[in-house]
Amino acid sequence: MEEDLFQLKQLPVVKFRRTGESSRSEEDGISGEHEVQIEGVRPELEPVELEDGAAVPKEFANPTDDTFMVEDAVEAIGFGKFQWKLSVITGLAWANAMEMMILSILAPQLHCEWRLPSWQVALLTSVVFVGMMSSSTLWGNISDQYGRKTGLKISVLWTLYYGILSGFAPIYSWILVLRGLVGFGIGGVPQSVTLYAEFLPMKARAKCILLIEVFWALGTVFEVLLAVVVMPTLGWRWLLILSALPLLLFAGLCFWLPESARYDVLSGNQEKALATLKRIATENGAAMPLGKLVVSRQEDRGKMRDLFTPHFRWTTLLLWFIWFSNAFSYYGLVLLTTELFQAGDVCSISNRRQEVKAKCSLTCEYLTEEDYTDLLWTTLSEFPGVLVTLWIIDRIGRKKTMALSFLVFSFCSLLLFLCVGRNVLTVLLFIARAFISGGFQAAYVYTPEVYPTATRALGLGTCSGMARVGALITPFIAQVMLESSVYLTLLVYSGCCLLAALASCFLPIETKGRGLQESSHKEWGQEMVGRGSHSP
């Protein structure tokens with residue numbers, strides 16, 4: 001008997017640990033480990049190393065979890081063919097930058113063709129931002145209540161319809177209303193970032209969201225090139241119609257888009273979410289985690305009060321100011337670029353302004369080939385901003401990236417106080433635009449990451465709405481205040497970005513290396529505690 005006991009004690013012990021969230025007995029709750037004696041099992045197992053970005057093999061995919069969450073499945077499946085397709089399709093929606101870039105081409109054309117006074121030309125631009133500001137929160141609410149795919153499809157089809165219709169506007173009042181409705185639709189297009197981010201594994205999320213921003217820059221470049229070909233021959237009406245081509249292509253391909261699995265789980269559609277995850281795993285050639293998909297606690301979605309809970313109140317207020325400052329400075333710099341290039345330098349602006357006052361407000365000048373070239377070079381300056389942000393965002397974090405972008409813009413704005421030559425002026429303006437566009441892109445990465453699934457679309461929508469407020473105000477600084485004092489104008493932009501840099505540093509949550517939060521009832525990032533090492 002004693003010999004038998006001695007032999008049993010010499011057997012190796014294999015320890016099993018439950019990592020899922022399944023219900024367990026009271027005895028199991030006391031200790032998460034269970035010791036089982038198995039004869040002939042080696043106590044040491046050889047580790048299996050995976051290459052960076054490689055999917056988890058089927059025989060090793062989550063072998064001991066009896067439950068898994070959407071975040072676990074997204075991380076286990078990894079980045080593959082499905083995400084590449086999703087990048088292109090959502091990028092087509094993001095190419096709506098053509099509808100924004102066309103404002104700088106359409107305004108001077110109508111100013112000459114319809115003999116519009118300056119205030120009506122300015123109103124044609126402002127009405128688009130009014131539409132975007134008034135709809136951003138609404139589209140966010142629709143995406144949280146009825147699904148990301150639903151909100152994105154409706155907003156894109158809305159923009160496509162009224163964008164084409166505005167090409168047939170017979171008079172000024174018609175095109176004013178129609179462009180306002182186009183702006184109303186554009187306010188929902190940023191929800192493509194919400195849908196896109198919820199399908200991306202943690203390690204690829206920042207880079208992919210930044211790279212999809214390239215479609216914005218490509219859209220603006222394509223619009224200028226299209227204008228060079230179309231405007232001299234077919235005119236502005238055909239330019240408006242052809243500018244809707246990316247959205248038309250998206251409308252034809254959007255049937256392929258699945259609904260967000262995170263949204264489906266949160267809204268109680270567990271089977272639909274599981275089917276979506278299996279579809280992604282099949283397309284990527286990866287394994288699904290073993291076990292049962294955990295159904296998150298169903299919550300009220302798209303409620304404004306959830307943005308101001310004690311945990312998110314400070315984050316929401318700081319993000320609103322950061323987004324406001326981004327748009328205020330970005331669009332302000334676009335307007336200032338034209339003024340500074342035409343004057344030659346800052347010191348010449350006051351003299352130029354006195355000459356302009358003597359001219360009639362109906363005096364117009366059609367855009368020349370040189371003007372289109374300047375527009376093209378100015379637009380190309382955004383690509384370095386993407387590359388710089390792409391390089392630093394996963395090295396120093398989201399908060400520091402935004403703060404650095406604002407600081408560089410503020411510094412370049414102060415350097416414009418000097419009476420520099422045109423070449424130095426061009427370099428300073430390009431650096432400033434590259435970094436402020438990079439700050440905008442970093443905000444697009446951070447905002448969907450910091451809010452839980454129940455309020456992610458609404459949080460992004462309200463931030464986008466605050467950005468439109470900044471875009472509405474900036475013409476009064478970059479154009480009206482500029483007539484009084486160019487130095488005060490530059491000081492306003494520099495001071496605003498300096499405050500935005502401080503706001504970025506005071507954000508309470510850094511999302512670098514964290515998973516997306518599913519439920520607002522859990523501590524931030526709780527879903528990924530202890531799972532960071534399992535990311536592919």
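Report ³J(HN,Hα) in whole Hz for each residue of the stretch 210-221, in order, from the Karplus equation J = 6.51 cos²θ - 1.76 cosθ + 1.60 where θ = phi - 60°; Gly and Pro get x.
Here the 3J(HN,Hα) series is 5, 5, 5, 5, 4, 4, 5, 5, 5, x, 5, 5 Hz.
Put +1 on the Cβ of each Lys and Arg and -1 on the Cβ of each Asp and Glu in the stretch 64-294; which of 241, 152, 187 then has its Cα farthest toward the positive end of the dipole?
Checked the options; the winner is 241.
So for the stretch 64-294, taking the charge dipole from beta-carbon charges (+1 Lys/Arg, -1 Asp/Glu), which of 286, 204, 135 sits furthest toward the positive end?
135
Place a point 7 Å from Cα of residue 502 in the direction of its Cβ. Which residues in the stretch 426-440 have their backbone N less than 15 Å from it?
It comes to no residues whatsoever.
Over 20 Å between Cα atoms, which of 149/399; 207/278; 85/203; 203/399 qualify?
The answer is 149/399; 207/278.
Between residue 395 and residue 411, what is 0.36 nm times their sequence separation minus the Cα-Cα distance? Round to one decimal in nm.
3.5 nm is the gain from fully extending residue 395 to residue 411.
Any chance you could run the full-extension gain for residue 234 through residue 427? It's 0.36 nm times the residue separation minus the Cα-Cα distance, nm to one decimal.
66.0 nm
For the pair residue 249/residue 85, report the inter-label distance in nm, with labels modelled 7 Å from Cα in the Cβ direction.
Simple spin-label model gives 1.7 nm for this pair.
Taking 45 Å as R0, compute the FRET efficiency from the Cβ-Cβ separation of residue 292 and residue 510 and round it to 0.05.
0.90
Size of the dipole of the stretch 64-294 about the Cα centre, Lys and Arg at +1 and Asp and Glu at -1 on the beta carbon, nothing else charged, in debye to 20?
Once rounded to the nearest 20, the dipole reads 380 debye.
No value in this document is a laboratory result; all are computed from the given coordinates. Note that this is a predicted model, so its numbers are computed, not measured. When we count neighbours, we look across all protein chains shown, and the Cβ atoms used for this are built from the backbone with ideal geometry, even at glycine.
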